[in-house]
1. How large is the dipole of the range 288-373 about the Cα centre if only Lys and Arg carry +1 and Asp and Glu carry -1, each at its Cβ, rounded to the nearest 20 debye?
2. For the chain, what number results from the quotient of the Cα radius of gyration and 2.2 N^0.38 Å?
3. With the crude spin-label approximation of a point 7 Å out along Cα→Cβ, what separation in nm comes out for Glu278 versus Val72?
4. Name the residues of the range 386-410 whose amide N is less than 16 Å from a point 7 angstrom out from the Cα of Ser56 along the C-beta direction?
5. Work out how much length His425 to Lys444 would gain on full extension: take 0.36 nm times their residue separation and subtract the Cα-Cα distance, in nm to one decimal.
6. Nothing charged except the Cβ atoms of Lys and Arg (+1) and of Asp and Glu (-1): what's the magnitude of the dipole of the chain about its Cα centre? Round to the nearest 20 debye.
7. Taking amide hydrogens as modeled 1.01 Å from N in the peptide plane, which residues meet the under 5 Å criterion relative to Arg499, leaving out close sequence neighbours?
8. Please rank Leu510, Leu340, Leu36, fewest neighbouring Cβ atoms within 10 Å first, as an exposure proxy.
Amino acid sequence: MKLEQGQKLLMSTLRPIVSERTDIGLFRLLFGLFGLIFLGKFVVKAIYRVFFHPLSGIPGPLLAKTVEWYLVPAQASLQRAHRLRALHQRYGAVVRVGPNEVSLSGWTAYRDIYSRNTTKTEHFYKDTRLTGHENLFTFRNKEAHAARRKLQNVSYSQQSILANESFIAEKADVLVKRIMKNANEPSSSPTTDVYPLCGLFSLEVILGSAFNRHYGESVNGDSLALLKAIECTGVAGQVKTALPFITRSRGIYMPGFLGHCFRQWDLWEKMTQQLSEEFQKNEMDADAAERFTVTPMVKHEDTFLHRKLNQQEIIEELMGLTFAGSGTTSTTLIYLTYSLARNAPIQDRLRQELRGVKDVTIKGVQDLPLLSAIIKETMRLYPAIISTLPRVLDRAMTIDKHILPAGTYVGMQNFVHQRDSSVFHQPDDFIPDRWLINDQDKLKEMNAALTPFSAGPRNCIGQNLAKAELYLATAKIFNSLKLGLNSSMTQWDMEMEDRFAMASRGKRLLVDVEVLSRQD
Ligand code: HEM
């Protein structure tokens, strides 16, 4: 009744204007009024953001200063990191990339941002939960995170990695055999796609170190099914982030490839549950069991929760670790193989260096200068975590004379500062020798600017494991094989996509394989 009266009053007020001066209908007028109000609000907000906002003095594109979605098109085309690099080249080390968001490119800011004074942003990290629970990667609460990290640290200590060394080495041998398999068969071409083989290698290492689960030499086992399920989940996760109404439980009913990806997510969870149950059923000597990732989670209390984790929380952690640890290490190994397959002289020098080593063990190879330089240079040029690690400032911070107030969103990206030409000459080229110089000051600067595993309390918990895998696999591959890039590979195949974690566009790496005898 009140509504009707209101409408009548509005009509009687507007009628003289409408009917006498124009032939615009009432609805068109109202529509116009709302449009004007909306536009007015937008203009006032934009003027505030551009001229009066605390970040107004920070350079950046006008559109980025006014709207939150400035980077969305770059993100949708998987080129966010590339766009940010171009922005830094144009605007300098501190760029405003959103009304309340700043990107930094000077490596000297890295430790300030990631070692203290910041918290992970909610909007990004909440979306990376896999079953709805928190995991080590997603926590925002610092005390909750520290307790979970303490619970898991033991599994990733150098001591645990050395205890697991024999099976990591065994997996690296299996990788070499799988690469050789094609080359050895006279009927088949000596060309191998190492892309899926690197994926299987890093996944099987994680499954071994988490669940003491081992796979044979065949590539067609359960681990391949799991690898495909994890890759598909990545796609489903991105769809869910972009279109939040497509929840995981709704997604499984979608037709076609997308529905398939959501169902694969369920399959991954089920397989993880099975692996965890099998591990927990097996009686094992308590000391021996401690080095497997599941054990401390099952046996010890989380000191923040004051209780042990329940099975669902354990599954979330295990899926999180598998996701964080498999694609990252395999992408690094893929780009390392790609870089050497294109560079026969460096391969030969590496082989010479390796021939001087009696046994390929972690301790035996971790200090080899050229091998270390090759691994570092791969992580510099092709960072497995390519994109912004988004944070929010807990307190105000001054950077390059700019004051960033508490609450500002800040972020840096390995792809940008690890290609900074003021630190790395010819920054877009693969030059392992840049790490083999005697200038200690320069080396110190380059090492400080190399942050593939991040820094501070949220740095990579799995970095000892990742390094062990990279050292052992690289040494074993290039000791036994000479690889050349197959002529069908194109630059497009190896273009880097920014999916937060990096992935190559073509999802293949074809190499021509020559098996070497010990004398070669
Ligand atoms: C070359 C290989 C790897 C690279 C380049 C890498 C890189 C990173 C980076 C940059 C972060 C910080 C992410 C952020 O702040 O949002 C991170 C965190 C993390 N990584 Fe890795 N990672 C690698 C391998 C692994 C492995 C093998 C595992 C485990 C098996 C692992 C597990 C994790 C976890 C659980 C976190 C979250 C840690 C926390 O917040 O406390 N990563 N990694």
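1. Details: 10 positive and 10 negative charges, 84 e Å.
Approximately 400 debye in magnitude.
2. On the way: Rg = 27.0 Å, N = 520, 2.2 N^0.38 = 23.7 Å.
Computed over Cα atoms of the chain, the ratio equals 1.14.
3. 4.4 nm
4. Only 403-405 fall inside the zone, counting backbone N under 16 Å.
5. That works out to 5.3 nm of additional length.
6. Values: 64 positive and 54 negative charges, 377 e Å.
Result for the chain is approximately 1820 debye, rounded to the nearest 20.
7. HN-HN under 5 Å from Arg499: empty list.
8. On the way: Leu510 18, Leu340 24, Leu36 10.
Arranged by neighbour count, lowest to highest, Leu510, Leu340, Leu36 become Leu36, Leu510, Leu340.
Each value in this text was obtained by applying a stated rule to the coordinates, not by laboratory testing. Keep in mind that this is a model prediction, so the values were computed, not measured. Backbone-built Cβ (ideal geometry, glycine too); neighbour counts: all protein chains shown.
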